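Some notes on the structure that comes next.
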Amino acid sequence: MTTLSPPGTSRPADAKGPAGDGPERPRRRRILPDRLRRAGLPYLLLLPALILEVLIHLAPMAVGVVMSFKELTQQYIRNWDQAPWIGAGNFRIAVDVNAPVGEALLHSFLITCAFTVLAVSLAWLLGVTAAILMQESFRGRGLLRALFLTPYALPVYTAVITWSFLLQRDGGMVNHVIHDQLGLTDSEPFWLIGDNSFIALVVVSVWRTWPFAFLILMAALQNIPRELYEAAQVDGAGIRQQIRRITLPSLRPVNQVLVLVLFLWTFNDFNVPYILFGKSAPEAADLISIHIYQSSFVTWDFGSGSAMSVLLLVFLLVVTCGYLLATGRGRKSR
Amino acid sequence: MRRSPARTAVTVTLAAALTAVTAACGGGSSTDGEGSNDKPKELTYWASNQGTSIADDKQKLTPELKRFEKKTGIKVKLEVIPWDSLLDRILAATSSGQGPDVLNIGNTWSSSLQATGALLPWDDEHMAKIGGAKRFTPSALAATGARDKDPAAVPIYSLAYGLYYNKKMFKDAGIDEPPATWDELVKDGKKLTGGGKYGIAVEGGDPVENSHHAFILGKQHGADFFDASGKPDFDSPGAVKAVKQYVDLLAGNKIAAPGNAEYAKRETIRDFATGKAAMLLWQAAATSIKSNGMKQSEYGVAPLPVQAPGSGEKGTRSMVAGINMAVFKNTDNIDGAMEFVKFMTSDEEQRTLNAAYGSIPPVKAAQNDEAFDTADLKVLREVLTTSSAPLPQVPDESKFETLVGTATKELFADAAAGRKVTTDSVQKELSAAQQQMRK
Amino acid sequence: MTASAKAAAASPAVSPTAPPRSFIWTRRIVLTLLALFAATPLLVMLSSSLKPLQDVSDRFRWIPTQVTISPYLDIWSTVPLADYFLNSLIVAGAATGCSVVIATFAAYAVSRYRFRGKRLFTVTILSTQMFPGILFLLPLFLIFVNLGNATGIAIYGSRGALIVTYLTFTLPFSVWMLIGYFDSIPRDLDEAALTDGCGPLGALFRVVVPAAVPGIVAVAVYSFMTAWGEVLFASVMTNEATRTLAIGLQGYANQSQVYWNQVMAASLVASVPVVAGFLLLQRYLVTGLTAGAVK
């Protein structure tokens, strides 16, 4: 997209920093003098963002990575630079799936994958369905849209606390409805402990996330020219065919970004399981973020927790790169 | 992709530089010595949430702090921290060296925090400043850190577990006395269960509560969850029996409602206070029960049952629960901090504060006050003095609470879902928990 | 489909692109179900906030035994909610303001310029989305403390630390969205401004920003919502004076019981700013995201 020469960028050789790498691009247009100032401008504009990112994201990340190579337990938390180096020790324990720590981590990882795939798929499905259904204007559409978006707008702790209130076994609305009022089950099921906790987690996550998918897709749908639909209808295509042939393909670029973003956010989500289950999540809902939290903050073993986080990061990097390569998308192609 | 190696180098260098700076600074100031006296006129005090709300705590503590200020001229900045965040805040303070001067800690955290080296050890010299170790009940002092080290904190509020029972429900079921052994408890419980009501309520979803009961019962079965050298021993036969016995309240004996497996927000107290459960095993629950609407006359308190009328360690009826007060080594007002601890452990303050919170003063001299002669406190005092044991004072104690407590929670969930809880299944869970202790 | 053709032929007033009846019914059913799904928890939140304590402590009831607004009055005294509210407002507001400004600058640079390290920058920005928060919670805290020690300013525990943290969290997504949005604004606008004699910054402020208002609003809304709702870092990096709503709401559950009706009331109160802001500005969000996401 940047094949047009941007206004006033000077030769890289004049820019700040070490000179001369890469071929110099001929400028098609030279607008204003004072090239040096021009040249520094993009860097200057980037500087605040860069400083913040380095200070708040990258440097702590690097420190976290360093921590993962140390045996950092409560004895050393005060002077963690004196904690002993154990090289790959934390990592070895974390990936040894025959030992309990590694086994638990693998289990948590698989649960998180399953959860993420399920939650993102459902959120996307609901989002695209609602977006398509709400394309045409009808009475009350605005109000309905506001209602749909509200769960996403609610602060996460508000939403999840409400759900934890609803999902109580004895005093919650969900059981009241399905057991007392509808008589669907014999005994009241548990939602916050036991196997059903996975379902509870998915439901709460989807409840919060599908409006975001809805919002993005609704916006994207508006960009699809009406003429395409009209032409298709004149040709005799039914609604379902229209969706399959026009809508979905047009949404592909948006979907690619949307799914990636949802995947990353859902996989890393800490707030939902923490507020729903507290510091110890049930086995069926042991998401990796809580698992790592428990391995570091609750048991004071920061080296181990950091190692697990690094592994998580590596996994997500691999997935993201793979995904971007596969979809061939990219701001990188700019 | 045209990546500039120079640019990469710059970025990496920047990050590395910052890392190095941080690393060089280390985990904050590491004064291994005593604190300083840079700010002799002010103190920062982190109090835990002992009352019914944060506001309530502030209300109870502020007059005392004012009294202290009048006496010594030192201004105390109070912050009451909810339990959910307290340990995280202490952790952050420990690793950065920036924290309060004085703080409350759960006494079960004493060993873990002691191992960080962040707390000022109470050696004889410091103890002398507050009147000497002899002022405190031995059991409370036992829960202040590893046995072979100086205490890492001093006790200020003591609590113990008791068996709370609903007098009317007992009478209606024809039971004259609260049970003295676990067999009796189960028998009574069965009589009391029926018609939507249950014999006992347990907070099965709370790992901390679970770990406490596992410990008490473990002691009764002759098992310690850590062996003499401090290594974890979660699946010894005694430990397995203990956990199974506790879970069987819901599983095998069915005298606790299945919903109890989820309870983690004090629903047990509510169930007891509203008459849904006839018995409750809790720490100094008087204020909580009152705030749930039950009058003191309606319930009685007895010590926890034992396995068989016995004595010594096997007669353990409670773990030594309570709150300790610690001083951060990095304090900038060491003398002031000492003064403050002396003030808070003075007989008078002990009487006032413990009466306000419904706990028992660990300072012996403060115990004889009519405020502590209520029915339940009398029982709990006796338990504290004669038949309580501190949780294992090892640095990994918090891991024990988490792992064993969570294992018990899983067993409760299994039982509530209808799956059988057998000695084998209990052993498996506890073995798995123990194996996670290996670093 | 002949049905629609027949319908079109039979009633010429109906546009040929009007959806068929089966579609309308599907739409009604599905949207009703979705509406129930979205609305029920909200309804419960509202109704529970108007119930006396016993209605929320026992079995669930749809209808309160008596409708009372006392939870809304009690929440302010049980916990210093007003202070927490103010703290959240300050922190989120400042974080949003700064985030928008910094993101605008950065996105402008990436969108309009070509320079070495651009790729690195955008890749780095994207990669930060993958970082698990736990990994850098403690290190970040340490950095703040060390900076505070080094500069003599008490950074840790101050609102400033939280503001800077939140602003950095929201920066990647904001920059990303704005890059896409700026890209959709034609260069001619810039160049017109430049030929008129403004510098590139002038072009930015006078031309690009006004044209990018929807995108900027979208970014602002997103940043505010993120900062308002963050829990983990707020729990460690605030003290009593700077505590935000996220942590403050924990105070309604204590050692004796949970005041669910107050929890619900406080939750509603805490949600009002973000929900109101979001709904009012949603059309900006839609247009802002269109360009940002589609690119």
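If you go through the range A:127-166 and keep only what is without any contact (Cβ under 8 Å) to a residue 60 or more places away in the chain and not in a helix (DSSP H, G or I), you end up with A:Glu136, A:Ser137, A:Phe138, A:Arg139, A:Gly140, A:Leu154, A:Pro155. Contact annotation: residue pairs with Cβ atoms under 6 Å, 6 or more positions apart or on different chains, pairing a residue in the range B:329-342 that is over 14 Å from B:Ala118 (Cβ atoms) and surrounded by fewer than 22 Cβ atoms within 10 Å (Cβ to Cβ) with a partner that is of a type in the set (Ser, Thr, Tyr) and at pLDDT 90 or above, are B:Glu339/B:Thr72.
How many of the residues making up the range A:105-122 are over 17 Å from the mean Cα position of the chain (by Cα) and of a type outside the set (A, V, I, L, M)? So the count comes out to 2.
For every residue, the table says whether it meets (1) of a type outside the set (S, T, N, Q); (2) within 9 Å of another protein chain (Cβ to nearest Cβ); (3) surrounded by fewer than 20 Cβ atoms within 10 Å (Cβ to Cβ).
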{"position": "A:Leu258", "(1), (2), (3)": "yes, yes, no"}
{"position": "A:Leu262", "(1), (2), (3)": "yes, no, no"}
{"position": "A:Trp265", "(1), (2), (3)": "yes, yes, yes"}
{"position": "A:Asn271", "(1), (2), (3)": "no, yes, no"}
{"position": "A:Leu276", "(1), (2), (3)": "yes, no, no"}
{"position": "A:Lys279", "(1), (2), (3)": "yes, yes, yes"}
{"position": "A:Glu283", "(1), (2), (3)": "yes, yes, yes"}
{"position": "A:Ile292", "(1), (2), (3)": "yes, yes, no"}
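All but one of (1) assigned to a loop (DSSP other than H, G, I, E, B); (2) within 20 Å of B:Val243 (Cα to Cα) hold for B:Glu184; which doesn't? Among (1) assigned to a loop (DSSP other than H, G, I, E, B); (2) within 20 Å of B:Val243 (Cα to Cα), the lone unmet condition for B:Glu184 is (1). Scan the range B:396-439 residue by residue and report those that are crowded, with 19+ Cβ neighbours inside 10 Å, within 10 Å of chain A (Cβ to nearest Cβ) and assigned to a loop (DSSP other than H, G, I, E, B). Passing the criteria: B:Asp396, B:Gln436, B:Met437.
Looking only at the range A:147-166, decide whether some residue is farther than 28 Å from A:Val261 by Cα and surrounded by 20 or more Cβ atoms within 10 Å (Cβ to Cβ). Yes, some residue in the range A:147-166 is farther than 28 Å from A:Val261 by Cα and surrounded by 20 or more Cβ atoms within 10 Å (Cβ to Cβ).
Among the residues in the range B:301-322, are any modelled with pLDDT of 90 or more, of a type in the set (Asp, Glu), surrounded by fewer than 24 Cβ atoms within 10 Å (Cβ to Cβ) and farther than 16 Å from B:Glu203 by Cβ? No, every residue in the range B:301-322 fails to be modelled with pLDDT of 90 or more, of a type in the set (Asp, Glu), surrounded by fewer than 24 Cβ atoms within 10 Å (Cβ to Cβ) and farther than 16 Å from B:Glu203 by Cβ. Of the candidates C:Ser271, C:Ser223, C:Ser267, the single residue that is surrounded by 24 or more Cβ atoms within 10 Å (Cβ to Cβ), free of Cβ contacts under 8 Å to residues at least 40 places away in the same chain and among the small types (Gly, Ala, Ser) is C:Ser271. Among residues that are touching a Cys at 6+ places or on another chain (Cβ under 6 Å) and crowded, with 24+ Cβ neighbours inside 10 Å, C:Leu162 is not included.
Taking the range A:92-121 as the range and being buried (at least 18 other Cβ atoms within 10 Å of the Cβ) and at pLDDT 90 or above as the test, the residues that pass are A:Leu105, A:Ser108, A:Phe109, A:Ile111, A:Thr112, A:Phe115, A:Thr116, A:Ala119, A:Val120.
Look at the range B:42-71 and say how many of its residues are within 11 Å of chain C (Cβ to nearest Cβ), touching an Asp or Glu at 6+ places or on another chain (Cβ under 9 Å) and not in a strand (DSSP E or B). Going through the range B:42-71 one residue at a time, the tally reaches 4. Only residues that are surrounded by fewer than 22 Cβ atoms within 10 Å (Cβ to Cβ), outside any helix (DSSP H, G or I) and of a type outside the set (D, E, K, R) were counted in the range C:183-218, giving 6. Would it be correct to say that B:Pro178 is in a loop (DSSP other than H, G, I, E, B) and in contact (Cβ under 8 Å) with a residue 60 or more places away in the chain? Judged against the criteria, B:Pro178 is a match. With respect to the conditions (1) in a loop (DSSP other than H, G, I, E, B); (2) of a type in the set (A, V, I, L, M); (3) under 18 Å from the mean Cα position of the chain (by Cα), C:Met177 falls short on a single one, namely (1).
Picking from residues in the range C:19-51 that are within 32 Å of the chain's Cα centre (by Cα) and not in a helix (DSSP H, G or I), the one that is surrounded by the fewest Cβ atoms within 10 Å (Cβ to Cβ) is C:Leu50. Residues in the range C:55-77 that are within 14 Å of chain A (Cβ to nearest Cβ), of a type in the set (Phe, Trp, Tyr) and either farther than 19 Å from B:Thr274 by Cβ or under 28 Å from the mean Cα position of the chain (by Cα) (or both): C:Trp62 alone. The requirement of being of a type in the set (A, V, I, L, M), more than 16 Å from A:Glu53 (Cβ to Cβ) and within 8 Å of chain A (Cβ to nearest Cβ) is not satisfied by C:Leu135.
Residue by residue through the range C:47-81, note down the ones that are within 17 Å of A:Val174 (Cβ to Cβ) and among the aliphatic types (A, V, I, L, M). Answer for the range C:47-81, where residues must be within 17 Å of A:Val174 (Cβ to Cβ) and among the aliphatic types (A, V, I, L, M): just C:Val56.
Hey, can you tell me all the residues within the range C:219-273 that are more than 30 Å from B:Asp271 (Cβ to Cβ), more than 10 Å from chain B (Cβ to nearest Cβ) and assigned to a loop (DSSP other than H, G, I, E, B)? Selection gives C:Glu230, C:Thr244. None of A:Arg92, A:Arg78 is charged (D, E, K, R) and within 13 Å of chain C (Cβ to nearest Cβ) except A:Arg78. Residue check: C:Ala82 meets all listed conditions (1) assigned to a helix (DSSP H, G or I); (2) of a type in the set (A, V, I, L, M, F, W, C); (3) not assigned by TED's automatic domain parsing to the domain that holds C:Phe173 but one, namely (3).
Filtering the range A:218-238 to residues that are closer than 22 Å to A:Ala123 by Cα and either exposed (fewer than 14 other Cβ atoms within 10 Å of the Cβ) or within 9 Å of chain C (Cβ to nearest Cβ) (or both) leaves A:Met218, A:Ala219, A:Ala220, A:Gln222, A:Asn223. Per the listing A:Phe190, A:Phe214, the residue uniquely surrounded by 22 or more Cβ atoms within 10 Å (Cβ to Cβ), of a type in the set (A, V, I, L, M, F, W, C), more than 8 Å from chain C (Cβ to nearest Cβ) and without any contact (Cβ under 8 Å) to a residue 60 or more places away in the chain is A:Phe190.
The values are calculated or read from the model by the stated rules, or taken from the named source; none is laboratory data. What you see is a predicted model, and the numbers here were worked out from it, not measured in a lab. Neighbour counts run over all protein chains shown; Cβ positions are idealised from the backbone, glycine included.
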